[in-house]
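Here is the structure we will look at, set down as structure tokens.
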Amino acid sequence: MLKKVKPKMLHGKPISGTMLIELAESYIGAMNSGKVPTIDTAWQNVQKSELERAFSIALKSFKITPTGEDQSAIKQQIAVRKQEALKIFNREMIQGISQEPIAQQFLQKLKTELKL
């Protein structure tokens, strides 16, 4: 039975259970405020939430204190952590949205935080 179950998709992107809940909350929020819920607006809210989550995870991975007394080694550790943070961000974001303007904004924000 599980082999027949296909992943839920929205705009050609797979969505997780958490994302599905966020979509439902967005629809409910729109209806409760007297607005007509739209798929595009709800999807934008999910993208933003997932990008905020990816940004937070990436930044936390960078903020681990380097070890050692050798300045050269510490600088090397920092450089490696910056690159790792970027990889983590790209891995954690929704597949296929890296070229979306909002994803680019979060990527730029991360680069600014990392001083790249």
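Key figures for this structure:
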| quantity | calculated |
| --- | --- |
| Within segment 23-48, considering residues that are closer than 20 Å to S98 by Cα and among the charged types (D, E, K, R), the one surrounded by the most Cβ atoms within 10 Å (Cβ to Cβ) | K48 |
| Near pairs, Cβ below 8 angstrom, 6+ apart or cross-chain, from segment 93-108 (among the small types (G, A, S)) to any residue that is buried (at least 19 other Cβ atoms within 10 Å of the Cβ) and not in a loop (DSSP other than H, G, I, E, B) | S98/L107; A103/Q47; A103/L51 |
| Single unsatisfied condition, G34 versus (1) over 21 Å from the mean Cα position of the chain (by Cα); (2) at pLDDT below 90 | (2) |
| Flag if K75 is modelled with pLDDT under 90, out of contact with any helix residue (DSSP H, G or I) (no Cβ under 7 Å at 6 or more places or on another chain) and either of a type in the set (K, R) or not in a helix (DSSP H, G or I) (or both) | yes |
| Selection within segment 43-79 - among the polar types (S, T, N, Q), more than 13 Å from L107 (Cα to Cα) and free of Cβ contacts under 8 Å to residues at least 24 places away in the same chain | N45, T65, T67, Q71, S72, Q76, Q77 |
| Failed condition for E22, given (1) closer than 20 Å to Q95 by Cα; (2) of a type in the set (D, E, K, R); (3) more than 18 Å from the chain's Cα centre (by Cα) | (3) |
| Flag for R53 being more than 12 Å from the chain's Cα centre (by Cα), of a type in the set (D, E, K, R) and at pLDDT 90 or above | no |
| Residue tally, condition over 17 Å from G96 (Cβ atoms) and among the small types (G, A, S), over segment 4-22 | 1 |
| Candidate set: segment 60-116, residues that are of a type in the set (V, I, T) and within 11 Å of the chain's Cα centre (by Cα); chosen: the one surrounded by the fewest Cβ atoms within 10 Å (Cβ to Cβ) | I102 |
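Conditions (1) aliphatic (A, V, I, L, M); (2) part of a helix (DSSP H, G or I); (3) more than 28 Å from L114 (Cα to Cα), marked per residue:
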site: E22; (1), (2), (3): no, yes, yes
site: E25; (1), (2), (3): no, yes, yes
site: G34; (1), (2), (3): no, no, yes
site: P37; (1), (2), (3): no, no, yes
site: T65; (1), (2), (3): no, no, no
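The values are calculated or read from the model by the stated rules, or taken from the named source; none is laboratory data. This is a predicted model, so every value here is computed, not measured. Every residue, glycine as well, gets a Cβ built from its backbone with ideal geometry; the counts of neighbours run over all protein chains shown.
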